[in-house]
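J.: Shown below is the structure under consideration.
The values are calculated or read from the model by the stated rules, or taken from the named source; none is laboratory data. The structure displayed is predicted, hence computed values, not measured ones. FYI the Cβ positions are ideal-geometry reconstructions off the backbone, even for glycines, and counts take in every protein chain you see.
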Amino acid sequence: MKIAIIGAGPAGGFSAYLLAKAGMDVSIYEEHATIGEPVACTGVITGDVMARQLQLPKELILNKISKARIIAPNKEFIEVRLKNDIIIDRAGLDRHIAAMAEENGAKIFTNHRFENLEYCNSGKNERERIIVAAKNKTNNEMKKVETDFLIGADGPVSSVAKASGLFGNRKFYSGIQVTIPVKNDNAIDFYPSENGIAWVVPENEGVARVGIAANKEANAHFRRFLTAVAGSDYEKKIIGWQAGPIPIYDPRLKSATKDGKILLVGDAATMVKAPTLGGINQSLIGAQCAADSLINGSNYEKLWKKKMGMDLYISLLMRKAMEKFSNTDYNSLVGTFRKEKNRKLLEKYDRDEPRKFALKLLLNEPGILLLAKKAWF
């Protein structure tokens, strides 16, 4: 069985690894000349990633973080212990997973941009197949390949989703981040506000990844925040710069065509947890479900929704409420979490799995439901 994958990020690379390991004929087409570049991610992952067969080399782990702070607009904050969060070399992660796929027989074509697709029948007794057209950006030659299945792992504005009719009416946040010298105490700082969410993620004691995600006036919010963190002369200090759209999870979108021959994974399927707008773990879960569905002939959408659909949906409801919060509401929310019983809930449960703590939190603090109702209505 032949499988073509568009995109060599964690979703595409891990799908390729699992499928190639199972003996499938797998090819990856990556638009950029170097896998992992340009970087468009904060690179915070939990120990769950390690449990999904990613034995990360030590050199890819830039930092280990044991605490995080959620800081309200009024500067009050809650500090929570983290179990095993790590800061990774994000480009290195992509290359590591791609190497795993290649070692198991997957073929990788870099600098090849997906252009379009069409269905064809190769013969009277053969199943309908897909012809994928990818342009070699080095020489502008068009490469056309026949495949039994196509996996779109090509990011938030997925060309595969558009070509297959799966794109729908998506919504995005704008993400902007720089790597910059900032002294810190090795804690991740999150700053939720009516302008969006901002963060400072330490790579080491003197350098951090500083960024924001917002659905309006992102550039202005970013400049204000970076000035506050790094000073008005921040521009000459910047080591690296990343920016791009971040998809908002949409449960109404389909992640596979009706015939099951085209699948979307990761950001291409809006598999992003809405409160913090991260998605590496979700990409890996989606990749695992895509591989399982093709290997075993099972329903892809049912598989991944069973594993993380409820968590993504609860996260979406949280994000929709948060979008309508005022700074005063955020001050109240952080104040609520400063209570010991609520802080312990945050520390006990994985933030990627809100289904495990959301009800307990509402029972502890019915006022949170009133705050959400205020935002919704």
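J.: Could you grab me the full set of residues in the stretch 262-280 that are farther than 20 Å from LYS21 by Cβ, assigned to a helix (DSSP H, G or I) and not aliphatic (A, V, I, L, M)?
T.: Initial filter on the stretch 262-280 (farther than 20 Å from LYS21 by Cβ): 262, 264, 267-280.
Within this subset, residues satisfying the condition of being assigned to a helix (DSSP H, G or I) are 267-269, 280.
ASP267, the sole residue that qualifies.
J.: Taking the stretch 5-34 as the region of interest, how many residues are buried (at least 22 other Cβ atoms within 10 Å of the Cβ) and either in the same structural domain as ALA68 (by TED's automatic domain parsing) or of a type in the set (Val, Ile, Thr) (or both)?
T.: Looking only at that region, the number is 4.
J.: Further question on the same structure: Of all residues in the stretch 274-292, which are surrounded by fewer than 24 Cβ atoms within 10 Å (Cβ to Cβ) and touching an Asp or Glu at 6+ places or on another chain (Cβ under 7 Å)?
T.: ASN281
J.: Could you tell me whether any residue of the stretch 54-77 is closer than 30 Å to LYS143 by Cα and surrounded by fewer than 20 Cβ atoms within 10 Å (Cβ to Cβ)? Full working, then the answer.
T.: The first filter runs over the stretch 54-77 and keeps only residues closer than 30 Å to LYS143 by Cα, leaving none.
No: zero hits.
J.: All but one of (1) surrounded by fewer than 20 Cβ atoms within 10 Å (Cβ to Cβ); (2) outside the structural domain of SER66 (by TED's automatic domain parsing) hold for PRO181, so report the exception by its number.
T.: Here PRO181 clears every test but (2).
J.: Would you mind telling me which numbered condition in (1) small (Gly, Ala, Ser); (2) in contact with a strand residue (DSSP E or B) (Cβ under 7 Å, 6 or more places away or on another chain); (3) not assigned by TED's automatic domain parsing to the domain that holds LEU294 SER158 fails?
T.: Status for SER158: all satisfied but (3).
J.: Can you tell me which residue is surrounded by the fewest Cβ atoms within 10 Å (Cβ to Cβ) among those in the stretch 144-161 that are farther than 12 Å from SER15 by Cα and small (Gly, Ala, Ser)?
T.: Applying the first criterion (farther than 12 Å from SER15 by Cα) to the stretch 144-161 yields 144-149, 154-161.
Still in the list and also small (Gly, Ala, Ser): 155, 158-159, 161.
Values: GLY155: 22, SER158: 26, SER159: 20, ALA161: 24.
Per the criteria, the residue is SER159.
J.: Specify which of the listed residues (LYS236, LYS258, LYS273, LYS254) is closer than 30 Å to LYS305 by Cα and without any contact (Cβ under 8 Å) to a residue 24 or more places away in the chain. Let's see the steps before the verdict.
T.: Numbers: LYS236 fails: closer than 30 Å to LYS305 by Cα; LYS273 fails: without any contact (Cβ under 8 Å) to a residue 24 or more places away in the chain; LYS254 fails: without any contact (Cβ under 8 Å) to a residue 24 or more places away in the chain.
After ruling out the rest, the residue left standing is LYS258.
J.: Checking ASN219 against (1) farther than 17 Å from MET322 by Cα; (2) in contact (Cβ under 8 Å) with a residue 40 or more places away in the chain; (3) assigned to a strand (DSSP E or B); (4) not small (Gly, Ala, Ser), which test does it fail?
T.: ASN219 satisfies all of (1) farther than 17 Å from MET322 by Cα; (2) in contact (Cβ under 8 Å) with a residue 40 or more places away in the chain; (3) assigned to a strand (DSSP E or B); (4) not small (Gly, Ala, Ser) except (3).
J.: Further question on the same structure: Checking the condition of a type in the set (A, V, I, L, M), surrounded by 15 or more Cβ atoms within 10 Å (Cβ to Cβ) and closer than 14 Å to PHE77 by Cα, which residue from LEU312, LEU333, LEU345 passes? Spell out how you get there, then give the answer.
T.: On the way: LEU312 fails: closer than 14 Å to PHE77 by Cα; LEU345 fails: closer than 14 Å to PHE77 by Cα.
LEU333 is the lone residue from the list that is of a type in the set (A, V, I, L, M), surrounded by 15 or more Cβ atoms within 10 Å (Cβ to Cβ) and closer than 14 Å to PHE77 by Cα.
J.: May I pose another question? Answer yes or no: is there a residue in the stretch 252-274 that is among the acidic types (Asp, Glu) and farther than 16 Å from ILE45 by Cβ.
T.: Residues of the stretch 252-274 among the acidic types (Asp, Glu): 259, 267.
The next check asks that each one be farther than 16 Å from ILE45 by Cβ; those that pass are 259.
Yes, there is a match, as at least one residue in the stretch 252-274 is among the acidic types (Asp, Glu) and farther than 16 Å from ILE45 by Cβ.
J.: Moving on to the next point. Being of a type in the set (D, E, K, R) and buried (at least 17 other Cβ atoms within 10 Å of the Cβ) is the filter here, so list the residues in the stretch 293-309 that pass it.
T.: The initial filter retains those residues of the stretch 293-309 that are of a type in the set (D, E, K, R), namely 301-302, 305-307.
Answer for the stretch 293-309, where residues must be of a type in the set (D, E, K, R) and buried (at least 17 other Cβ atoms within 10 Å of the Cβ): just GLU301.
J.: Which of the following residues is free of Cβ contacts under 8 Å to residues at least 24 places away in the same chain and more than 18 Å from the chain's Cα centre (by Cα): LYS21, LYS83, LYS64?
T.: Values: LYS21 fails: free of Cβ contacts under 8 Å to residues at least 24 places away in the same chain; LYS83 fails: free of Cβ contacts under 8 Å to residues at least 24 places away in the same chain.
One residue alone meets the criteria, LYS64.
J.: Just one of (1) within 24 Å of GLY13 (Cβ to Cβ); (2) of a type in the set (A, V, I, L, M); (3) part of a strand (DSSP E or B) trips up VAL210, so point out which.
T.: (1)
Yes/no per residue for (1) more than 19 Å from the chain's Cα centre (by Cα); (2) under 30 Å from GLU76 (Cβ atoms):
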| position | (1), (2) |
| --- | --- |
| PHE167 | no, no |
| PHE190 | no, yes |
| GLU205 | yes, yes |
| ALA208 | yes, yes |
| LYS237 | yes, yes |
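J.: Can you name the condition, by its number, that GLU37 falls short on among (1) part of a loop (DSSP other than H, G, I, E, B); (2) touching a strand residue (DSSP E or B) at 6+ places or on another chain (Cβ under 7 Å); (3) under 30 Å from ARG224 (Cα atoms); (4) not small (Gly, Ala, Ser)?
T.: The failed condition is (2).
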